[in-house]
Structure formats: structure tokens, C-alpha cells
Amino acid sequence: MIDVQNLTKRYGQNTVVDGLTFTVRSGAVTGFLGPNGAGKSTTMRMMLGLTRPDTGTASIDGRAYDELTYPARHVGALLETSAPHRSLTAAGHLLWLAQSNRIPRQRVGEVLDLVGLTGAARRRIGTFSLGMGQRLGLAAALLGDPPVLVLDEPVNGLDTEGIRWLRELLSSMAAQGRTVLVSSHLMTEMSMVADHLIVISRGQLLAQTSMPDFIQRHGRTYVRVRTPEPLRLNEELEQRGASARRAPDGSLEVDGMPAAGISRLAAAAGLPLEELSTHTESLEDTFLKLVGNGGSATHV
């Protein structure tokens, strides 16, 4: 479990992280979301002992990161700012990490195979593409077979096949009971992999909840209706307290009345319906609306 309590970090007059408190539990993929400059990377760096907080604590299974004797065996981390020496080979870089954390040598070959870099084990890292470098970073994070993963923008540089592979990997890690925290700006991808969400803005917590609950609380659910008589239908809806707006494709998006109610209303008024379907806003739409409105804190 990752436990963050009242974390605050200031740079001069700028407060980057402001009294942030949340918990990341095991057995699930938790998405860490926020607009650029929200404080996500700074928070992750404080979790991993790379940045010292002004106030507050971050602990992993009850201990601060710098208290871990062999950290790679407890926490697998991938940060955007971390990069191995370009003159090392992939195997050499991982072997150094393994030796410094008392991890068996054979684990190097295992993780290179896991991330699809076996054929590049003897290549110098400076010759790697962005995607290969990202796979190497993931190999390093997985090297100690850690129970906790902290990954900052792990899909950067991966192709479609690589993104699907990573999605399946993260889901399998969580299914094994591990704690997985993932930061990403790709909302579509996050909606496919995350079970829970932690959303921050301006360094403060906006939401800590499950993915379905986040959409339900902050998203918009509406009914799309297509009829050859939209003006008449709109009048009928307004008389019953519902509201409708005309979509660019000519359909009506109805708020305030479920699809079954609209069907009964149309039948009673003799209005033909060509489409009647319920829709919920995407994670991206919901996130942008919450952050754009300044947000209001909500809890599990």
C-alpha cells in the first residue's frame, strides 16, 4: 500500500503540491490524473525519496522509500526524468541494478524477455529508439519482482502493440495483488486499464474513487433521440421538465428523462422515433469538465 499524508512542496512562492492526502491500495490499477502542472510528477518523486517534501509523509507498506534496504525489491519505478547511461548495454544496466539490490543475475534475462528486448540485450542504450528505451525502463522497474509499481507516463514512445502489451501487464500485476500506480495523459488508455482514480489539480486532491463512481458522479448521462419531428418532441419534453439540445447531426440530446420515459412520451404523442439510446460521457470529457470547473473534492 502507498500512503500519502498531507504532502506539501513549494518552490519559492509557488506551491506545487498542497496538503495532498490519498491511499493507493493493492490489487488494483490506480490511475493518477491531473492537468499539466498539477503536481503529479513532483508527488511521485516525493514518494520515491527523490524530492524532499516541505511537510507531510509518503510511505510504502509503512516505510519511507529511503528506509528500504533494497528498494528495487520493494518498489518498481519508472519516471520520465530517469535515464540510464547511454554507453551501457541494456543487459549491463540491468545487471548493475540487480547486483546493487542483491537480485539474482538470471532475473536480467527474464525481464528482458518479458519486455521484448532479448535481442537487444547487448546493444548500447544510446542506440535505442524511444519505445525501446521505455521498454528498458519498464524492465528495470520489474527487475526486483516488486509488490509495488509507480509508473509515470509508461506508454510514452510505445507503439500500438506495446501499449496493448503494457495494458495486459499492468492488469496481470494488479490481479496478482500488487499495488500499481500509473500516471498518464492518455485518457482513453487510462479508461481501459484503471480500476481506481486519484485526480489532482493545482496540487490538491479533487477525487479519489473507483472509475465507475467517478464517471457517475462527475460525468453526464444523456439520451440520444432521433425523430423526424424534433421540435414537437422538444416541446413535449419541456412540458415535463426535461431539457434537450440539438446535436450537430440533427439528433436531440435529452437530459432529465430516461429512455423508457421518452419512449412512453413519444408513443402517447404519436411521435415516431428513429433512434433512442443512452450515452455516458467518456473519462476524458468527465475529467476535463471537473478540472475545468476547478473541481470539488470527493472521496471514496
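A quick yes/no check of all residues on (1) free of Cβ contacts under 8 Å to residues at least 12 places away in the same chain; (2) over 27 Å from A38 (Cβ atoms):
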{"position": "E153", "(1), (2)": "no, no"}
{"position": "I163", "(1), (2)": "no, no"}
{"position": "E168", "(1), (2)": "yes, yes"}
{"position": "S171", "(1), (2)": "no, no"}
{"position": "A175", "(1), (2)": "no, yes"}
{"position": "S184", "(1), (2)": "no, no"}
{"position": "M190", "(1), (2)": "no, no"}
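Out of curiosity, is G76 touching a strand residue (DSSP E or B) at 6+ places or on another chain (Cβ under 9 Å), assigned by TED's automatic domain parsing to the domain that holds R124, farther than 22 Å from R122 by Cβ and part of a strand (DSSP E or B)?
yes
Applying the selection to region 166-189, what residues are under 14 Å from the mean Cα position of the chain (by Cα) and modelled with pLDDT of 90 or more?
Scanning region 166-189 gives L166, R167, L170, S171, A174, T179, V180, L181, V182, S183.
List pairs: first in region 247-271 and without any contact (Cβ under 8 Å) to a residue 24 or more places away in the chain and not assigned by TED's automatic domain parsing to the domain that holds L237, second surrounded by 15 or more Cβ atoms within 10 Å (Cβ to Cβ) and not in a loop (DSSP other than H, G, I, E, B), Cβ under 9 Å, 6+ apart or cross-chain?
From region 247-271, no pairs qualify.
Yes or no, residue by residue, for (1) of a type outside the set (F, W, Y); (2) at pLDDT 85 or above; (3) surrounded by fewer than 16 Cβ atoms within 10 Å (Cβ to Cβ); (4) farther than 30 Å from I198 by Cα:
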site	(1), (2), (3), (4)
A242	yes, yes, no, yes
R246	yes, yes, yes, yes
R264	yes, yes, yes, yes
G270	yes, yes, yes, yes
T278	yes, yes, yes, no
S282	yes, no, yes, no
A297	yes, no, yes, no
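With closer than 26 Å to V193 by Cα, buried (at least 20 other Cβ atoms within 10 Å of the Cβ) and over 17 Å from the mean Cα position of the chain (by Cα) as the only criterion, which of V115, V108 stands out?
Unique residue meeting the criteria: V115.
Of everything in region 50-107, what is of a type in the set (S, T, N, Q) and within 30 Å of G12 (Cβ to Cβ)? Give them in sequence order.
The answer is T51, T55, T57, S59, T81, S82.
Name the residues in region 225-235 that are crowded, with 16+ Cβ neighbours inside 10 Å and either part of a helix (DSSP H, G or I) or not assigned by TED's automatic domain parsing to the domain that holds A268 (or both), would you?
Hits for region 225-235 are P230, L233, N234.
Here is a list: T69, T51, T43. Which entry is polar (S, T, N, Q), in the same structural domain as P146 (by TED's automatic domain parsing) and loosely packed, with under 14 Cβ neighbours inside 10 Å?
Going through T69, T51, T43 in turn, the sole match is T69.
The values are calculated or read from the model by the stated rules, or taken from the named source; none is laboratory data. If you're wondering where the values come from, they're calculated on a predicted model, not measured in any experiment. Counting neighbours? That spans all protein chains shown, and the Cβs are built from the backbone with ideal geometry, glycine included.
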